[in-house]
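Here is the structure we will look at, set down as C-alpha cells.
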Amino acid sequence: MKIGITTFVTDEGISGPKLGVALEARGFESLFLPEHSHIPASRKSPAPGGGELPREYYRALDPFVTLGAIAAVTERLILGTGVTLLIQRDVIHTAKEVATLDRISRGRFIFGVGAGWNREEMADHGTDPRTRGALLDEQLDAIRAIWTEDVAEYHGRFIDFDPMYAWPKPMQTPHPPIFIGGAEAAAERAIRHGLGWLPAAVADPAAIPAQLARLDGYDVPVTVAFAAVDSALIDGYAEAGVERLVFSVPTLPELETLRALDEITKVADRYLGPTLAP
C-alpha cells in the first residue's frame, strides 16, 4: 500500500515546493491538494466536519499552479488533486490544465474530482447544486474525450461542444488516473464510469470491510483519505487491498510541518518508499 499526504497549501504555511521536497525525502508516495476558488461570506453551507470552517479553507492556493511548482523540484512524488471541484470549472480549460501538468510532471498526476459541499460557492459559478451530480457525469465523459480523441466533440444536457482540436494530450495513456471523492454516491459514480474511488477513512478498523463492501465484484482502485495516524487502521486498509492511504497534515509553518511528517513516518514507515539522503 502506498502512503500519501493531503494538506491545504496557503500563503501562511510551508510552501508547496518545500513540502514536496520534504515528502519525497521521507519516502512518501504522493501529495493531494484540495481546491476552493473562494468561500462565500454567507456561510450557509455547514462545514464538512461541523463547527467553524478552518482558516485554511479561505486561503488555499490554486492546486494546479502549486503542483506545477512542486513538479519542478521533485522527481518521483505523485501529484494529485483531492479534490478538484470540477462542477465549478470550465471543462475545456481544465482538460488543458490537467494535460499540461501531467506533461510537466512527466506523467505523475492523479486527478481527484468531486461534486463539492459548499452550495453558495457552486452558485457563484453558475452551478445548480441540485443537478451537480448529473453535470459531473457529463464532465467526466467530455474531459476524457478531449484527452483521448484528436478531434473531440460532446453533446449533452450541460456540456456541449462541436468537433475541436485540443492539445497537449496527457503523457499518461489513455489519461491520468481519475478518482471520485465522496461517500456512497461517489462509489456508485466510480463504478459507472470505471474510475477510482476516494472516500474518507473510517475511525474504527473493524468498519473497513463494511465501508468497502459496495465495491465487491468490481475492479475499482481505492485511495482512502483523511486517515488517523493509527497502526491498526493502516494495517487494516493494507489488508483490505486499498491502493493508497492518505494522511491529513494541518497547515503549519515549515518546521512544524516537518515535525508532523516525521511523526507519521514513525507509524507508517513500513509502507513508505526509500528515503533520500539529507
Count, please, the residues in region 150-193 that happen to be free of Cβ contacts under 8 Å to residues at least 40 places away in the same chain, closer than 20 Å to Ala99 by Cβ and out of contact with any strand residue (DSSP E or B) (no Cβ under 9 Å at 6 or more places or on another chain). 3
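Say we look at region 31-66 and pick out the residues that are hydrophobic (A, V, I, L, M, F, W, C) and assigned to a helix (DSSP H, G or I); which of these is surrounded by the most Cβ atoms within 10 Å (Cβ to Cβ)? Explain how you work it out, then say what you get.
Within region 31-66, the subset hydrophobic (A, V, I, L, M, F, W, C) is 31-33, 39, 41, 47, 53, 60-61, 64-65.
Applying the additional criterion that residues be assigned to a helix (DSSP H, G or I) yields 64-65.
Details: Phe64: 19, Val65: 12.
For region 31-66, the residue satisfying everything is Phe64.
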Matching residues, region 210-230, being in contact (Cβ under 8 Å) with a residue 40 or more places away in the chain and buried (at least 21 other Cβ atoms within 10 Å of the Cβ): Thr223, Ala225
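Could you say which residue among Gly107, Gly133 is small (Gly, Ala, Ser), in a loop (DSSP other than H, G, I, E, B), out of contact with any strand residue (DSSP E or B) (no Cβ under 8 Å at 6 or more places or on another chain) and touching a residue at least 24 places away in the same chain (Cβ under 8 Å)? Explain how you work it out, then say what you get.
Values: Gly133 fails: in a loop (DSSP other than H, G, I, E, B).
After applying the criteria, what remains is Gly107.
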Go through region 69-95 and give me each residue that's surrounded by fewer than 18 Cβ atoms within 10 Å (Cβ to Cβ) and either among the hydrophobic types (A, V, I, L, M, F, W, C) or in contact (Cβ under 8 Å) with a residue 24 or more places away in the chain (or both). Ala69, Ala72, Val73, Glu75, Arg76, Ile92
Of all residues in region 27-71, which are aromatic (Phe, Trp, Tyr) and out of contact with any strand residue (DSSP E or B) (no Cβ under 8 Å at 6 or more places or on another chain)? Tyr57, Tyr58
Residue list for region 1-30, filter: in a strand (DSSP E or B) and more than 14 Å from Gly273 (Cβ to Cβ): Thr6, Thr10
Residues of region 215-230 being of a type in the set (A, V, I, L, M, F, W, C) and closer than 11 Å to Phe247 by Cα, which ones? Val224, Ala225, Phe226, Ala227, Ala228, Val229
Any hit, region 198-209, residues being touching a residue at least 40 places away in the same chain (Cβ under 8 Å) and part of a strand (DSSP E or B): yes
Considering only region 246-265, I want to know if a residue exists there that is hydrophobic (A, V, I, L, M, F, W, C), within 30 Å of Arg59 (Cβ to Cβ) and either exposed (fewer than 12 other Cβ atoms within 10 Å of the Cβ) or in contact with a Pro (Cβ under 8 Å, 6 or more places away or on another chain) (or both). yes
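Each value in this text was obtained by applying a stated rule to the coordinates, not by laboratory testing. Here the structure is a predicted model, which is why all the values come from computation and not from measurement. Please note: Cβ atoms are built from the backbone with ideal geometry, for glycine as well, and neighbour counts cover all protein chains shown.
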